[in-house]
Amino acid sequence: MLIERSVKTGADILAERKSLNLRLSDLRGRSPEDQWKKYFNYVLETPFDLEDKTWKRISDLREIRNFKAHGGFSGQPTAQQKKRFQEVANRSDGVVFFGGDFFFQRAYVDAALDLAERVISSVSALVVSGTSGGNNK
């Protein structure tokens with residue numbers, strides 16, 4: 001996913017500038033977002049602060065993307081799976097979960113692209129501010 005690649009690239013650039021051996025991929029978290037927060041806040045000491053709503057939207061977007069990329073359900077979805085994906089769809093304008101599949105309206109695609117742009121801009125700003133100081137090599 002574009003967001004995940006951008007965060008990893010930004011983290012790698014900052015780690016290299018700070019001469020760190022510990023990389024983003026070396027950490028574990030409950031989710032990629034949890035991993036990102038830990039790495040930026042505690043390893044890089046460069047807070048990666050996004051609104052809670054933005055973190056949730058990233059998580060939902062990744063969940064929908066993984067569902068579609070991996071072919072949806074194998075067999076009939078369980079009641080729990082149906083409930084979970086219906087909740088995700090209800091939080092996202094322009095997404096409908098019906099008959100065990102997601103359907104998208106243009107509003108959802110536009111919002112997903114806007115989200116990616118905001119996250120990438122945030123990471124870029126961290127890279128610029130983290131590499132413009134006097135302690136660069």
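The values are calculated or read from the model by the stated rules, or taken from the named source; none is laboratory data. All of these numbers come straight from a predicted model, not from anything done at the bench. Here the Cβ positions follow ideal geometry from the backbone for every residue, glycine too, while neighbour counts run over all protein chains shown. What goes into the accessible areas is simple: the full protein's heavy atoms, side chains included, and nothing from ligands, DNA or RNA. Shrake-Rupley method; radii C 1.70, N 1.55, O 1.52, S 1.80 Å.
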Where a residue in the stretch 72-84 is in contact (Cβ under 8 Å) with a residue 24 or more places away in the chain and its partner, wherever it lies, is small (Gly, Ala, Ser), with Cβ under 6 Å and at least six apart
Phe73/Gly100
Any residue at all in the stretch 46-67 that is assigned to a loop (DSSP other than H, G, I, E, B) and on the phi > 0 side of the Ramachandran plot?
no
Within the bounds of the stretch 73-80, is there any residue that is over 19 Å from the mean Cα position of the chain (by Cα) and not in a loop (DSSP other than H, G, I, E, B)?
yes
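The rows are residues; the columns are (1) more than 18 Å from Ser31 (Cβ to Cβ); (2) surrounded by fewer than 13 Cβ atoms within 10 Å (Cβ to Cβ); (3) basic (Lys, Arg).
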position	(1), (2), (3)
Glu63	no, no, no
Asn66	no, yes, no
Ala69	no, yes, no
Thr78	yes, yes, no
Phe97	yes, no, no
Asp101	yes, no, no
For Ser122: the one exception among (1) in a helix (DSSP H, G or I); (2) open to solvent by 70 Å² or more (accessible area, probe 1.4 Å):
(2)
For the stretch 1-36, give me the residue count where each residue is closer than 19 Å to Gly130 by Cα, part of a helix (DSSP H, G or I) and open to solvent by 70 Å² or more (accessible area, probe 1.4 Å).
5
